[in-house]
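Below you'll find the structure, written out as structure tokens, and then a few comments.
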Amino acid sequence: MNGEYWQPELETMPRGELRRLQAAKLRRTVEIALRSPFYGRRLREAGVTPEAISSVDDIRKIPFTTKRDLRDNYPFGLVCGDMKDAVRIHSSSGTTGHPTVVVYSRHDIDSWANMVARNMYMVGCRDADVFQNSSGYGMFTGGLGFQYGAEKLGATTVPAAAGNSKRQIMFIRDFGTTCLHAIPSYAVRLAEVFREEGIDPRSTKLHTLFIGAEPHTEEQRRRIEDLLGVKAYNSFGMTEMNGPGVAFECKYQDGMHLWEDNYIVEIVDPDTLEPVPDGEYGEMVLTTLDRTMMPILRYRTRDLTRILPGACKCGRTHRRIDRIKGRTDDMFIIKGVNVFPMQVEKILAGFPGLGSNYLITLDSVADNDVMTVEVELDDMPTDVYSELQKMTKAIQRALKDEILLTPKVKLVKKGSLPVSDGKAVRVSDLRDGRCS
């Protein structure tokens, strides 16, 4: 630890050295992966051996891995070692079929905790801080991932877990919580409960918030910061890559540094699977470089983002990814138009008087697809008909400009839309009974 950096020699490593480190780690990862039933077959069929990897560019010799591969090889088909060396199993919350399972060795847990500690240190958290975790524990990686990282950092930890907002606020006040981890929709909910209880969040010691796990816009982040009086830092992680800690914003909040000593990141065209230039959006593909029990090679995340060109003012040399624009499988098509829920959220966030809870419903009426956007009002009364009409039309115009079609818009009473303890449900597709 030194000043602004948790591991200065790694965080500021010159790009050439970092690439050589990645190549060496990739060779070792291929060697380990060959021991698993799945990769043993897949890599040998592709003719890939450790000796075939002489530079990071050789990663393109390796076939892609998909979520289906993980589910088809449930539970332990990608495990490379003896299960007696496994110390933990996490899984995704998949609603259909087998979940995605990841098995960790002691080394894997320690490496993961160190990455989370690196992230927390990067934004100013230190061992004198009190860290409160409002994420779910259990099989969800957000709870234990941040818990172990905060302990590695040396902070005092409050494993409050999800929900029970009044209790969360009591802990924040009584324990002197300074740093909080929460999903964006819950952070807004917590701010609402502060207000309902007549407590100003700025009267607490809370100063730093880590947000992630569900898509959110820059507008929503700024709103969270204003509501709670904190700095909110965007986080990226996923179960298949360990959990939280894969990439994180620094103090400049200008993209998330993806830790390239632990991962190789590629951005590819989701249709051709060919790489796209830095600065262009595509699907993110990730390869683990520091996992011994269950490495994953060239995993198609389905997340759409881009590499931000240029160096960061913080001095870290690890490349930055932009916030997740959406997912290839979150996108829905209506009347021939591709729409991402975050496009709708961006527009709604620009209207004062609206709450953060909204629902997009897709339905078919007389063989025509219809899109309805319901959004809760925040402070506006629901009986001022002329004002509500004016706002409804303004939202419709703004949405049409953004998504190139005109949805129905309904302004509804605060608290009337469903609220989930987990990730917020933003789309209800009644055309075929699916929700996302």
For this session: Would you check which residues across the stretch 274-295 are crowded, with 21+ Cβ neighbours inside 10 Å, among the β-branched types (V, I, T) and over 16 Å from the mean Cα position of the chain (by Cα) and list them?
Result: T287, T288
Exercise. Can you tell me how many residues in the stretch 238-297 are in contact with a Leu (Cβ under 6 Å, 6 or more places away or on another chain) and assigned to a helix (DSSP H, G or I)?
Worked result: 1
Exercise. Hey, any hits in the stretch 366-376 for a residue that's of a type in the set (D, E), in contact (Cβ under 8 Å) with a residue 60 or more places away in the chain, open to solvent by less than 50 Å² (accessible area, probe 1.4 Å) and assigned to a strand (DSSP E or B)?
Worked result: yes
Exercise. Between a first residue in the stretch 250-271 that is free of Cβ contacts under 8 Å to residues at least 40 places away in the same chain and a second residue that is crowded, with 18+ Cβ neighbours inside 10 Å and among the β-branched types (V, I, T), which pairs have beta carbons less than 8 Å apart while being 6 or more apart in sequence or on different chains?
Worked result: Y263/V246; Y263/T287; Y263/T288; V268/V285
Problem set entry | Single residue of the stretch 324-336 satisfying the filter (of a type in the set (V, I, T) and closer than 25 Å to G279 by Cβ) that is farthest from the chain's Cα centre (by Cα) | T328
Seminar exercise, completed: With the first residue restricted to the stretch 211-236 and required to be β-branched (V, I, T), and the second required to be open to solvent by 20 Å² or more (accessible area, probe 1.4 Å), Cβ contacts under 7 Å at 6 or more apart or on different chains are I211/I183; T217/M342; T217/K346; T217/A349; V230/H207
Exercise. Among K414, K400, which is assigned to a loop (DSSP other than H, G, I, E, B) and not acidic (D, E)?
Worked result: K414
Exercise. Looking at A46, is it in contact with a helix residue (DSSP H, G or I) (Cβ under 8 Å, 6 or more places away or on another chain), within 29 Å of E274 (Cβ to Cβ), surrounded by fewer than 18 Cβ atoms within 10 Å (Cβ to Cβ) and modelled with pLDDT of 95 or more?
Worked result: yes
Seminar exercise, completed: Residue set T217, T208, T204; condition more than 26 Å from D174 (Cβ to Cβ) and of a type in the set (S, T, Y); output residue T217
Exercise. From M391, M380, which residue is surrounded by 15 or more Cβ atoms within 10 Å (Cβ to Cβ) and modelled with pLDDT of 80 or more?
Worked result: M391
Exercise. Any residue at all in the stretch 299-315 that is of a type in the set (F, W, Y), open to solvent by 10 Å² or more (accessible area, probe 1.4 Å), under 30 Å from S91 (Cβ atoms) and under 17 Å from the mean Cα position of the chain (by Cα)?
Worked result: no
For this session: Working carefully through the options E192, E274, E197, find the one that is among the acidic types (D, E) and either closer than 29 Å to E11 by Cα or in contact with a Pro (Cβ under 7 Å, 6 or more places away or on another chain) (or both).
Result: E274
Problem set entry | Subset of the stretch 120-148 [part of a loop (DSSP other than H, G, I, E, B) and either of a type outside the set (F, W, Y) or modelled with pLDDT of 95 or more (or both)] | V123, G124, C125, R126, D127, A128, D129, S134, S135, G136, G138, M139
For this session: Examine the stretch 188-199 for a residue that is of a type in the set (A, V, I, L, M) and touching a His at 6+ places or on another chain (Cβ under 9 Å), and state whether such a residue exists.
Result: no
For this session: Being over 17 Å from L26 (Cα atoms) and either buried (at least 22 other Cβ atoms within 10 Å of the Cβ) or touching a Gly at 6+ places or on another chain (Cβ under 7 Å) (or both) is the filter here, so list the residues in the stretch 261-273 that pass it.
Result: I267, V268, D269, P270
Exercise. Has the stretch 182-191 got at least one residue that is outside any helix (DSSP H, G or I), aliphatic (A, V, I, L, M) and open to solvent by less than 10 Å² (accessible area, probe 1.4 Å)?
Worked result: yes
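The values are calculated or read from the model by the stated rules, or taken from the named source; none is laboratory data. What you are looking at is a predicted structure, and each value in this text was computed from that prediction instead of being measured. Positions of Cβ are backbone-derived with ideal geometry, glycine not excepted, and every protein chain shown enters the neighbour counts. Surface areas here come from the heavy atoms of the whole protein model, side chains and all, with no ligands, DNA or RNA. Shrake-Rupley method; radii C 1.70, N 1.55, O 1.52, S 1.80 Å.
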